[in-house]
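This report concerns only the one structure given below.
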Amino acid sequence: MTVLDKYLGGRQGTLGLLVLALLVLVVFPLVLDAFRLNMVGKYLTYAFVAVGLVLCWGYGGILSLGQGVFFGLGGYCMAMFLKLEASDPLSTKIQTTPGIPDFMDWNQITELPAMWQPFHSFGFTVAAVVGVPVVLAWVIGLALFKRRVGDVYFSIVTQAIALILTVLIVGQQGLTGGVNGITDLKTLLGWDIRTDQAKYLLYFANAGLLLGCIVLGKFILASKLGRLLLAMRDKEERVRFSGYDVSSFKVFVFCLAAAFSAIGGAMFTLQVGFMSPSFVGIVPSIEMVIFAAVGGRLSLLGAVYGTLLVNFGKTYFSESFPELWLYLMGGLFIVVVMYLPNGLAGVWAKHGPRLWAWRRARAAKAAALEVQP
């Protein structure tokens, strides 16, 4: 077995990753128009959060119901840079104070706030997209895990943080755009991100980053750290008595999940063209957990398929059955919880080998018939 196979989950894991790469990099771009492909790109930004939850929840046993916080922070950091670029003095000359975002002018702010100043730099913005959410996750993790706060209590705290941040964003309208968020984003370093060509390129960048996160996740799970995460989830006290600092491992995987979520949020802002507090609160955070649960909370690839399935379902049901789609989505979740406890990955793990065996037997039989005189 090669090192590549080892860290990608062996032959089956490598094949699964290649199939997903073929689907998102070749099949979708070939069969979908620009509008639908952009929708799939938006769904894939949510998959970053689901992949992080597989590591954090599925393997680490840490159920965070506030991942929308990190998704939103990453998105807002990118949106601040894009908004400043779109708010040059020439484009905002009709404002009372040219050169600042329009929502600040509407709120009678006459000078760009200090917290916005560093976001003139793209390099700082890229660092902040990951750095700000990771620092927040580190503070939360250090405060809770060092005190052995876990299970349902940790989930409640993360929900509370999501609610607090939503209220803060909405309340600080002059700094954040309030309930409308940061909108009317046009260019990235002078490149118009609203064109179909730009959306295609952003889609491929988005898909490439997602595949990179999956590979990193597989590498971690195949290492000693991955085995420790599983042991912590099942027998935390035994791992602690073996001399390992359990809280540090928990902080690490929680920060890693936050970083993945933040990258997804930044790509969402680029792909869709806005960011608002509606992606930060409790409801989107719980939806993101559902994505991971539907795909299978122990499968990095399943998290992506679960995200695509749920969002395709939301789109199809809302377009075809506008008055019933919420009930249909609720029914889908009930079916998954009751009959597919391990998600789509569990179904494949149970029936996939049988399917492959049946196909091999059929191929062998066909080959035998061909050689008969």
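No value in this document is a laboratory result; all are computed from the given coordinates. Here the structure is a predicted model, which means the values were calculated and not measured. Cβ atoms come from the backbone with ideal geometry, glycine included; neighbour counts cover every protein chain shown.
A few remarks follow.
- With Cα atoms, 0 to 90° folded angle of helix 196-222 axis to the chain main axis: 60 degrees
- 25 °C / 0.890 mPa s Stokes-Einstein diffusion coefficient of the chain, Kirkwood radius on C-alpha pairs, µm²/s: 111 µm²/s
- Evaluated at q = 0.16 Å⁻¹: base-10 log I(q)/I(0), Debye formula over Cα of the stretch 197-260: -0.62
- Pairs beyond 25 Å (Cα-Cα), from K186/K314; K199/K314; K83/K250; K42/K83: K186/K314; K83/K250
- R0 of 41 Å, Cβ-Cβ distance L30-D245: FRET efficiency to nearest 0.05: 0.25
- T183-T315 pseudo-label distance in nm [points 7 Å out on the Cα-to-Cβ vector]: 2.2 nm
- Neighbours of K93 by Cβ distance under 13 Å: Lys/Arg scored +1, Asp/Glu scored -1, total -3.
- Residue order, fewest to most beta carbons within 10 Å, for K93, K314, K218, K83: K93, K314, K218, K83
- Alpha-carbon Debye profile of the stretch 132-227, log10 I(q)/I(0) at 0.10, 0.11 Å⁻¹: -0.53, -0.64
- Residue among G123, G302, G243 with the largest mean-square fluctuation in a Gaussian network model of the chain, springs linking Cα atoms under 10 Å: G243
- Exposed-site-free run, longest, the chain (rule: GluC sites (Glu not before Pro); DSSP loop; at most 13 other C-beta within 10 Å): 112-322
- Basic side chains Lys and Arg get +1 at the Cβ, acidic Asp and Glu get -1 at the Cβ, and with that the dipole of the chain about its Cα centre reaches some 1720 debye.
- For the chain, the mean residue ellipticity at 222 nm estimated from helices alone is -23500 deg cm²/dmol, where every DSSP H run of n ≥ 4 contributes -39500 (n - 2.57) and the total is divided by all residues, rounded to the nearest 500.
- In the chain, Cα pairs under 8 Å separated by at least six residues give a relative contact order of 31 percent.
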